[in-house]
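*Asks:* Sharing a structure with you now.
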Amino acid sequence: MDGLSGRADFATRVAMATTTTWHPPKPDQRGFTVERHILEGQRAAKGATGELTALLQQITLCTKIIASRVNMAGLADHLGLTGETNVQGEEVQKLDALANATLIRNLSCGGKVCALGSEEEDQPVLPPDGYPCGKYVVLFDPLDGSSNIDVNVSIGTIFSIHERRSPGSSSGKVEDLLQVGTRQVAAGYVIYGSSTMLVYTTGQGVHGFTLDPAVGDFFLSHVNIRIPDRGKIYSVNEGNQAAWQPGVQKWVEWLKTPSEDKQRPYSGRYVGSLVADFHRTLLKGGVFAYPADKKNLSGKLRLMYEAAPLAMIAEQAGGLASTGKERILELVPSELHQRVPLYIGSKGDVEDVLRFL
Ligand code: FDP
């Protein structure tokens, strides 16, 4: 029996209820829905208007729709190519097109953005006539890791959010989209894997949510994720080795060479879906790299909707992200679909690469 049980204690309870206000202890946020978590963050942020919260909710809704289509892809005739080629010169998969359309339809009409930038769209996308413009821009890769779609390997959606720079409430301009990574107000990704997970940051740590498909909501499962200072895994497409610059070749050789202190050799893991390779790196530590090579002089990955949002997450979790020369988050973008070399992951492991480069 606890101290408040029994007849005498009933009086105490009544007295407490009438004379004081009792607050339950602050709950452990694990198990909170993503909506509740976003709202808690908003309550803590001075001057928050709720607009970012609403925008993040629109994005999570889109990713739930995409997750459901990804899960049903083989049954619903969503596999295979559309027959079109995107601005990157890549063949567009049906699921790529579906994910892109889902995000554009919901965000451009949702009243929270003044412009969108998508990997699948050559030009910025503006809200349709008659729909209000909001104070944010969102850049996204609707379905990253396209080459893995048809073989049931993890793929993902990546997003980056900035506040608009141009004044007024008319449609956004290119300058609103082309902002330096340090100005991101939020960034995140959803991985469609053995479970679907959302990982996001608004600059107050990195938090991970797992989708419960029976309920249809994301629930907080990974609180305040910290990337280990060092890992034991490197992740890079070694098929490109002959085209790398000597520094990169030496670095990978070094990772594979046994050391006396048993810290090396590292294990190699490469899914070929940036979101999946990054997610593993975030949780287990180590380093993911997509270096520049003779074919791709600026690397392959895109700054605005791949490297920059993941760099914000990596740094928020205590890791690093670099082009090999500069901090990803400080790069001043010159075009929407700009490519950059990327070295991202545990602090100690990224520092190692930089020594070799
Ligand atoms: P994909 O071309 O399959 O869409 O950004 C594109 C990306 O995948 C990343 O997800 C992935 O990390 C990388 O390219 C894989 O490129 P390689 O096939 O050249 O290794």
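*Asks:* What's the number of the only condition in (1) part of a loop (DSSP other than H, G, I, E, B); (2) farther than 30 Å from Val332 by Cβ; (3) open to solvent by less than 70 Å² (accessible area, probe 1.4 Å) that Asp129 fails to meet?
*Replies:* Here Asp129 clears every test but (3).
*Asks:* Also, quick follow-up: Grab the helices (runs of 4 or more DSSP H) fully contained in the range 27-124, keeping just those with 1 or more residues being within 19 Å of the chain's Cα centre (by Cα), within 17 Å of Tyr305 (Cα to Cα) and polar (S, T, N, Q).
*Replies:* Fully inside the range 27-124 and qualifying: 51-72, 94-108.
*Asks:* Counting just the residues of the range 283-302 that are open to solvent by 70 Å² or more (accessible area, probe 1.4 Å) and more than 23 Å from Thr157 (Cβ to Cβ), which one comes out nearest to the chain's Cα centre (by Cα)?
*Replies:* Leu297
*Asks:* Could I ask something else about it? Is it true that some residue in the range 323-332 is free of Cβ contacts under 8 Å to residues at least 12 places away in the same chain and aliphatic (A, V, I, L, M)?
*Replies:* Among the residues of the range 323-332, not one is free of Cβ contacts under 8 Å to residues at least 12 places away in the same chain and aliphatic (A, V, I, L, M), which makes the answer no.
*Asks:* Hey, could you check the range 87-105 for residues that are farther than 29 Å from His37 by Cα and open to solvent by 20 Å² or more (accessible area, probe 1.4 Å) and say which is nearest to the ligand (Cβ to nearest atom)?
*Replies:* The residue in question is Glu90.
*Asks:* How many residues are of a type in the set (A, V, I, L, M) and over 18 Å from the mean Cα position of the chain (by Cα) if we restrict to the range 130-175?
*Replies:* Taking the range 130-175 first, the residues of a type in the set (A, V, I, L, M) are 137-139, 143, 149, 151, 153, 155, 158, 161, 174.
Remaining after also requiring over 18 Å from the mean Cα position of the chain (by Cα): 149, 151, 174.
Residues in the range 130-175 being of a type in the set (A, V, I, L, M) and over 18 Å from the mean Cα position of the chain (by Cα): 3 in total.
*Asks:* Kindly evaluate Val138 against the criterion of being modelled with pLDDT under 95 and either of a type in the set (A, V, I, L, M) or away from the ligand (no atom under 16 Å from the Cβ) (or both).
*Replies:* no
*Asks:* Could you tell me which residue of the range 51-77 is modelled with the lowest pLDDT, considering only residues that are over 20 Å from Arg36 (Cα atoms), touching a Ser or Thr at 6+ places or on another chain (Cβ under 9 Å) and open to solvent by less than 40 Å² (accessible area, probe 1.4 Å)?
*Replies:* Val70
*Asks:* Which of the residues spanning the range 283-300 are assigned to a loop (DSSP other than H, G, I, E, B) and either more than 22 Å from Lys325 (Cα to Cα) or within 10 Å of the ligand (Cβ to nearest atom) (or both)?
*Replies:* Asp293, Lys295, Asn296, Lys300
The values are calculated or read from the model by the stated rules, or taken from the named source; none is laboratory data. Predicted, not measured: the structure shown is a model, and the values here were computed from it. Because the Cβ atoms are built from the backbone with ideal geometry, glycine has one as well, and the counts that use them run over all protein chains shown. When the accessible area is computed, the model is the full protein with side chains, heavy atoms only, and any ligands, DNA or RNA have been set aside. Shrake-Rupley method; radii C 1.70, N 1.55, O 1.52, S 1.80 Å.
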